[in-house]
Amino acid sequence: MKNVSTREPGLHKGVLYAMLAAALFGASTPFAKVFVGQVAPVSLAGVLYLGSGVGLLACFLVRALVQRGQVGQPVALTKPDLPWLAGAIAAGGVAGPVLLMVGLSMMPASSASLLLNMEGVLTAMLAWFVCKENFDRRIFIGMLLIVAAGALLSWEQVPVLGVPWGAFAILGACLCWAIDNNLTRKVSASDPLQIAMVKGLVAGIVNIAIALAFGYALPGAGTALAAGAVGFCGYGLSLVMFVLALRHLGTARTGAYFSAAPFVGAAISLIMLAEAPGATFWIAAALMGGGIWLHLTESHGHEHEHEAMEHLHAHSHDGHHQHEHDFEWDGSEPHAHPHQHVPQRHAHPHYPDIHHRHRH
C-alpha cells in the first residue's frame, strides 16, 4: 500500500469555488428583485440566463484568442458529454424556471422562498442515495444546519398554502434543479466556461421564446442590459465556479456550500436597505456558520482502490497522475490529454471528486 497525500494546505480550492458560487448567486438576488416589478417573471428569467450566456460567450472568445497555440488548453465538451448536458439544461434551465413561475402565481412569495430551500436537500438526497456519493453523520448534520439557516432567512410568515398545487410546482422546480446539479457533475471534468456558456445561451433563448409565446413583453434596452449584467455575474460566473466545485467536491458537498447563498443575499439586502439585522438573522448566521464549520473541518480518509480507467481533463502529475506521454511534452502543467489510470490502492484524505467516486 502506498500513502499519497493529495490534500492541499489551507482551505481546499473546491470549497473556495463553492463559496464564490454561493456569494455571486446570493449577491445577485437583491439586484434581480429590482426588476421584478418592471419585467414579467418569465421574461426576466430569459434575460438573466441570456445575459449569462452572452457574457460568457465573450469571455470564451477572448480566452480562445489569448491562449491560441498555448499548451494546457481547457478540455472542450465531447460527444459523450452532450446527453448529460442536454438533460441538465432541460431540467434546470427550462423546466425549473417554468415550474417556479407557475408556483409563484399560485402561492405567497414568502412561502415559495421557504420551499426553494428544498433544492439543497433534494440535491444531496439524489447525490447520496441515487448517485451513491459518500457521506457521514458530520456532513449530514452540517447540511441540515445550512438548510435550516436558509429556511429561517426566508421565513416571513406562517405559510398558508391552501390547495397545494403551487407548493407542488415549487417542489418540482427544486427537483429539476437538483437533477440539473447531479447531471452537471457528470460533465464537470470538461471546460466549465463552455458548460456555463451553453447552458446560459440555450436556457435564455428557450425562456424568452416561452415568454413571447405567452404574450409577455420584453424589457427595454436599458433594463435588459442591467438585468443581463446581473445574470452574467449571478448566473454565469457563479455557474462556472459551481462546476469547478463539483469537479473537486462532488455534488452534495457543493450543494451544501451553495446553500449559503440566501445568507449572502440577506446580508446585502440589509446593507442596501440600511436596516439593522434582527434576531432571526443572527440565529441563521450561527446555524450557517456551524454547518459550514462541520464541512470545512471534515477529514475523510481510508484505504481505497482505484480501478483502471481512461479519461480526459486538465491535470498535473500528482499521486494520481503518474503516466507516460506518447507525445513531446515540455513539462508545463497543468495540461490536458487522454490518459490512463492504472489500478492502485492507497490511503489519503479525499473528497468525492472526479477520481474518488468509489463505493464504501
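For every residue, the table says whether it meets (1) in contact with a Gly (Cβ under 7 Å, 6 or more places away or on another chain); (2) modelled with pLDDT under 80; (3) at negative phi.
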position: Glu8; (1), (2), (3): no, yes, yes
position: Leu20; (1), (2), (3): no, no, yes
position: Phe25; (1), (2), (3): yes, no, yes
position: Pro30; (1), (2), (3): yes, yes, yes
position: Val34; (1), (2), (3): no, yes, yes
position: Gln38; (1), (2), (3): no, no, yes
position: Leu44; (1), (2), (3): no, no, yes
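Quick check on the range 259-278: of everything there that is of a type outside the set (Gly, Ala, Ser) and part of a loop (DSSP other than H, G, I, E, B), which residue is modelled with the highest pLDDT? Break it down stepwise before answering.
Step one: list which residues in the range 259-278 are of a type outside the set (Gly, Ala, Ser), which gives 262-264, 268, 270-273, 275, 277.
Then drop every residue that is not part of a loop (DSSP other than H, G, I, E, B), which leaves 273, 275, 277.
On the way: Leu273: 59, Glu275: 59, Pro277: 67.
Here the residue is Pro277.
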>> Need pairs with beta-carbon distance below 6 Å; first residue of a type outside the set (Lys, Arg) and within the range 132-147, second not in a helix (DSSP H, G or I); sequence gap 6+ or separate chains.
In response: Glu133/Gly250; Glu133/Pro352; Asn134/Pro352; Asn134/His360; Ile146/Ser259; Val147/Asn117; Val147/Ser259
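Val240 - would you say it is modelled with pLDDT of 80 or more and among the β-branched types (Val, Ile, Thr)? Write out each step before concluding.
On the way: modelled with pLDDT of 80 or more: yes; among the β-branched types (Val, Ile, Thr): yes.
In short, yes.
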>> I'm checking my understanding of the structure. Among residues of the range 73-102 that are over 18 Å from Trp177 (Cα atoms) and not hydrophobic (A, V, I, L, M, F, W, C), which one is surrounded by the fewest Cβ atoms within 10 Å (Cβ to Cβ)?
In response: Lys79
>> I need a count of the residues in the range 174-229 that are closer than 22 Å to Leu126 by Cα and surrounded by fewer than 21 Cβ atoms within 10 Å (Cβ to Cβ).
In response: 2
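Determine, yes or no, whether Ala148 is among the hydrophobic types (A, V, I, L, M, F, W, C), surrounded by fewer than 22 Cβ atoms within 10 Å (Cβ to Cβ) and at pLDDT below 90. Write out each step before concluding.
On the way: among the hydrophobic types (A, V, I, L, M, F, W, C): yes; surrounded by fewer than 22 Cβ atoms within 10 Å (Cβ to Cβ): yes; at pLDDT below 90: yes.
Taking the combined requirement at face value, the residue satisfies it.
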> From Gly204, Gly215, Gly200, which residue is free of Cβ contacts under 8 Å to residues at least 40 places away in the same chain and not hydroxyl-bearing (Ser, Thr, Tyr)?
Replying inline: Gly215
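The values are calculated or read from the model by the stated rules, or taken from the named source; none is laboratory data. Given the structure is predicted, the values throughout are model-derived calculations rather than measurements. When we count neighbours, we look across all protein chains shown, and the Cβ atoms used for this are built from the backbone with ideal geometry, even at glycine.
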